[in-house]
Amino acid sequence: MLVDAVVLILVGAAAVLLPLSRAYRSHLTRRLARQADARVPEDQVPALEARVTRRARGVGAGILVSGLTVLVIALGWPGARGGGYLLVSLMVTFGAAGLAVVEILRPGDVTAGPRWARPTAPRLSDYIPPQVRVFGWIFTGVGLVVLLLALALGRTRWFDADAVWRGPVPVLLVALPVLVVLSELAVRRVLDAPQPARDEVELYWQDAVRANTLSSLTVPPALVGLLALVVSGAVLDDAASTAAVASGRLAPAWTTWLLVAGYVLPFVVLLGTLAATTVWGGTEMQRYRDRLWGGQPAGGPSAPVEA
């Protein structure tokens with residue numbers, strides 16, 4: 001796990017330091033503009049750069065913390081096992097947790113000057129399609145159930161318990177619920193934060209940042225839930241092989257099908273869900289433009305409307 005810790009620390013440090021580059025900050029702002037399908041006015045650039053920079057640093061700080069955590073585990077638990085699945089899972093989990101902490105602490109900025117606000121606060125459904133939330137909760141719940149199932153199977157004679165407990169399954173079983181709690185708190189904070197703006201252009205870009213942020217908070221738990229299926233399959237595969245070598249007997253056929261499902265099913269489900277949500281609900285940027293701006297970017301013929 002020492003190699004995993006070093007990789008996570010390097011990636012996290014790079015993510016924290018990259019926003020020091022003006023070119024990188026401009027890249028993040030341009031990417032947001034492409035997603036929002038509108039041109040960023042010059043007077044909005046500093047505020048947007050500050051927001052995307054703070055978010056990028058939050059993600060980087062989360063990954064850095066994950067690397068330090070893995071380093072402590074590797075030094076204190078020499079038999080612990082890492083690998084690519086653990087690396088990706090921790091990167092997504094801790095990166096999303098870092099963003100959630102940033103949004104909990106600073107959900108929005110209000111600059112000086114006269115402002116106006118919407119008479120009605122937008123809801124999460126104005127930014128994120130409901131089916132995305134439903135799929136997200138399903139995948140997160142399934143991931144938690146599968147992690148618990150992996151630990152339970154590790155206690156049977158067909159799997160080696162030590163291989164299961166020294167793998168990434170216990171780590172994910174703790175990290176996933178924590179991520180869910182942090183993400184939900186951050187979502188509440190973002191939605192409850194005021195949105196006073198001096199004109200509709202500023203409000204439009206506040207909505208763009210908010211939609212992008214809410215998507216970054218609601219999607220990662222579902223991805224980690226799907227990763228939990230893959231991780232559990234890989235861990236159980238290794239545990240089954242270890243138990244078979246130790247006992248000199250092959251495991252029952254149902255264990256083989258269980259392992260195959262653990263490897264294949266998450267990717268099939270992920271691709272199917274991405275296709276379904278894109279066709280039925282569109283992206284978060286399309287959602288907020290349709291729900292709050294009549295399908296038009298700021299400065300277009302439509303004024304902001306309430307759903």
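The values are calculated or read from the model by the stated rules, or taken from the named source; none is laboratory data. Computed from a predicted model, the values in this text were never measured in an experiment. Using ideal geometry, Cβ is built from the backbone for each residue, glycine included, and neighbour counts are taken over all protein chains shown. The accessibility values were calculated without ligands, DNA or RNA, using every heavy atom of the protein model including side chains. Shrake-Rupley method; radii C 1.70, N 1.55, O 1.52, S 1.80 Å.
Yes or no: PRO114 part of a loop (DSSP other than H, G, I, E, B), at pLDDT below 90, over 30 Å from ALA161 (Cβ atoms) and in contact with a helix residue (DSSP H, G or I) (Cβ under 9 Å, 6 or more places away or on another chain)?
For PRO114, the condition - part of a loop (DSSP other than H, G, I, E, B), at pLDDT below 90, over 30 Å from ALA161 (Cβ atoms) and in contact with a helix residue (DSSP H, G or I) (Cβ under 9 Å, 6 or more places away or on another chain) - is not met.
I'd like the residue in region 28-43 that is assigned to a helix (DSSP H, G or I), open to solvent by 70 Å² or more (accessible area, probe 1.4 Å) and not polar (S, T, N, Q) and, out of all such residues, is nearest to GLN286 (Cα to Cα).
Across region 28-43, the extreme among qualifying residues is ARG34.
Determine whether region 146-161 contains at least one residue that is part of a helix (DSSP H, G or I) and under 13 Å from the mean Cα position of the chain (by Cα).
No, that holds for no residue.
For LEU229, are the conditions met, namely being under 22 Å from THR93 (Cα atoms), open to solvent by 10 Å² or more (accessible area, probe 1.4 Å) and modelled with pLDDT under 85?
yes
Hey, among THR140, THR156, which residue is of a type in the set (Ser, Thr, Tyr), surrounded by fewer than 18 Cβ atoms within 10 Å (Cβ to Cβ) and more than 24 Å from LEU68 (Cα to Cα)?
On inspection, the qualifying residue turns out to be THR156.
Do we have VAL235 as at pLDDT 80 or above and within 18 Å of LEU153 (Cβ to Cβ) here?
Considered against the rule, which asks whether it is at pLDDT 80 or above and within 18 Å of LEU153 (Cβ to Cβ), VAL235 comes out as yes.
So which of THR242, THR255 is open to solvent by less than 30 Å² (accessible area, probe 1.4 Å) and either in a loop (DSSP other than H, G, I, E, B) or at pLDDT below 85 (or both)?
THR255
Take ALA13 and decide whether it is free of Cβ contacts under 8 Å to residues at least 12 places away in the same chain, surrounded by fewer than 17 Cβ atoms within 10 Å (Cβ to Cβ), in a helix (DSSP H, G or I) and small (Gly, Ala, Ser).
It is false that ALA13 is free of Cβ contacts under 8 Å to residues at least 12 places away in the same chain, surrounded by fewer than 17 Cβ atoms within 10 Å (Cβ to Cβ), in a helix (DSSP H, G or I) and small (Gly, Ala, Ser).
Test LEU176 against the criterion of being part of a helix (DSSP H, G or I) and more than 24 Å from SER215 (Cα to Cα), and give yes or no.
no
One line per residue, one yes/no per condition, for (1) part of a helix (DSSP H, G or I); (2) of a type in the set (S, T, N, Q); (3) surrounded by 19 or more Cβ atoms within 10 Å (Cβ to Cβ); (4) out of contact with any helix residue (DSSP H, G or I) (no Cβ under 9 Å at 6 or more places or on another chain):
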position	(1), (2), (3), (4)
VAL45	yes, no, no, no
ARG54	yes, no, no, no
ILE63	yes, no, yes, no
SER66	yes, yes, yes, no
VAL70	yes, no, yes, no
LEU87	yes, no, yes, no
GLY95	yes, no, yes, no
GLY98	yes, no, yes, no
ILE104	yes, no, no, no
